[in-house]
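Everything below concerns the one structure shown next.
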Amino acid sequence: MRHFQKIHGEVGSVVVIFDEDRDNRYSYMTTWLGENQNESDMAFYSTFPFDNLVGPGIGRGEYGGFLMSLPARRMYDVWQDPDYEFAESKSERLLMAGLDYSIHRHVVYVAAKPPRTIFRGIAARLGRTIMYIPIGQLSPVSLKRIRVVHVLDGYDKREIAKDYIR
């Protein structure tokens, strides 16, 4: 039986961790800025997408984890930011950035296990709360679908991408 807790307020960042990546399988780490007010900024780690070409200049990878935060066009490169050197893993770096960039009180953290307890204190100091959701509570079919990332090697590929991405 699932229990849903109602929260008051908005969610500012969402962090989804598919794999903690203790074996360093996910070597591609990047930060993307949303291009308009309807897109979030995003930081993620994934398998190297251009090892799996699905079209000319179109690569497909698998997320190990990602962070999405609104509003767009504010996120510094999460992977180079010295403020996050404290993180012991890629997932912790994403959570720290999620807490940092959230303009709302709630930050959703979806993963197999909750974050270390020190992150509750960090969140509280920033006026945030971490809403932990065990990844096993979510639909495996939906998770499989959102775990795929496509990367284009240039803006010129956007027009043809729809023919290669399903």
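Computed from the coordinates by the stated procedures, all read-outs in this text should not be read as laboratory data. Every value quoted in this text rests on a predicted model; they were computed, and no experiment measured them. Cβ sites come from the backbone with ideal geometry, for glycine too, and all protein chains shown count toward neighbours.
Measuring nothing but how far apart in sequence close Cα pairs (under 8 Å, 6+ apart) lie, relative to its length, region 95-145 scores a relative contact order of 41 percent. Other residues with beta-carbon under 13 Å from the beta-carbon of residue 29 carry, at +1 per Lys or Arg and -1 per Asp or Glu, a net charge of 0. Annotation for residue 132 and residue 30: the two label points, set 7 Å from Cα along the Cα-Cβ direction, are 3.2 nm apart.
Relative to the Cα centre, the charge distribution of region 11-155, modelled as +1 at Lys and Arg Cβ and -1 at Asp and Glu Cβ, gives a dipole magnitude of about 600 debye.
Here's how it looks for residue 62: its modeled amide H is under 5 Å from those of 47, 149, which are all 5 or more places away or on a different chain. Rounded to the nearest 10 degrees, the angle from helix 90-101 to the longest Cα principal axis of the chain is 70 degrees. Couplings for region 151-166, taken from phi via the Karplus curve 6.51 cos²θ - 1.76 cosθ + 1.60 with θ = phi - 60°, read 10, 9, 8, x, 4, 5, 7, 4, 5, 8, 4, 4, 7, 10, 9, 10 Hz in order; Gly and Pro are left as x. Just for the chain, what percent of DSSP beta bridges are antiparallel, to the closest 5? Restricted to the chain, the bridges split so that about 70 percent are antiparallel. Find out how many positive minus negative residues lie around residue 63, taking Lys and Arg as positive, Asp and Glu as negative, among other residues whose Cβ is under 14 Å from that of residue 63. For residues surrounding residue 63, the net value is +2.
Its relative contact order, with pairs defined as Cα atoms under 8 Å and 6+ residues apart, puts region 11-155 at 30 percent. Once Cα extents along the principal axes in Å is worked out from the coordinates, which option in (i) 46, 38, 33; (ii) 44, 43, 35; (iii) 51, 47, 25 does it equal? Here Cα extents along the principal axes in Å agrees with entry (i).
Considering only 16, 149, 110, the mean-square fluctuation computed in a Gaussian network model of the chain, springs between alpha carbons under 10 angstrom, is largest for 149.
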